[in-house]
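Accompanying notes for the structure given below.
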Amino acid sequence: MAETESPPSGASRTIILAVVAVILAAGLAALSWLDARHRIATTQEELARRLREIESDAREARSVAR
């Protein structure tokens with residue numbers, strides 16, 4: 001007769017739950033990091049666009065002033 005597996009003991013469940021919690025925390029940290037990177041990249045692009053507009057306006061103003 002084949003032996004049946006016994007249900008996990010309390011300590012095993014605790015370890016399994018701890019591992020699952022660590023994996024979930026790592027996943028959430030990774031998602032948060034990715035979101036922050038995306039937001040920073042978007043902000044940098046917006047800043048670059050605004051700087052180009054300012055430089056263009058400054059060139060135009062210098063041209064008109066001459």
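Could you say whether any residue in segment 3-14 is aliphatic (A, V, I, L, M), at pLDDT below 95 and out of contact with any strand residue (DSSP E or B) (no Cβ under 8 Å at 6 or more places or on another chain)?
Yes, because at least one residue in segment 3-14 is aliphatic (A, V, I, L, M), at pLDDT below 95 and out of contact with any strand residue (DSSP E or B) (no Cβ under 8 Å at 6 or more places or on another chain).
Could you check how many residues of segment 7-47 are surrounded by 10 or more Cβ atoms within 10 Å (Cβ to Cβ) and either small (Gly, Ala, Ser) or touching a Gly at 6+ places or on another chain (Cβ under 6 Å) (or both)?
Residues flagged as surrounded by 10 or more Cβ atoms within 10 Å (Cβ to Cβ) and either small (Gly, Ala, Ser) or touching a Gly at 6+ places or on another chain (Cβ under 6 Å) (or both) within segment 7-47 amount to 11.
Which numbered condition in (1) open to solvent by 100 Å² or more (accessible area, probe 1.4 Å); (2) within 16 Å of the chain's Cα centre (by Cα) is the only one that ILE54 fails?
The number of the failed condition is (2).
The values are calculated or read from the model by the stated rules, or taken from the named source; none is laboratory data. Predicted model, so just to flag it, every value in this text is computed and none were measured. We place every Cβ from the backbone using ideal geometry, glycine too, and count neighbours over all the protein chains shown. Areas reflect the complete protein model, heavy atoms only, side chains present, ligands, DNA and RNA absent. Shrake-Rupley method; radii C 1.70, N 1.55, O 1.52, S 1.80 Å.
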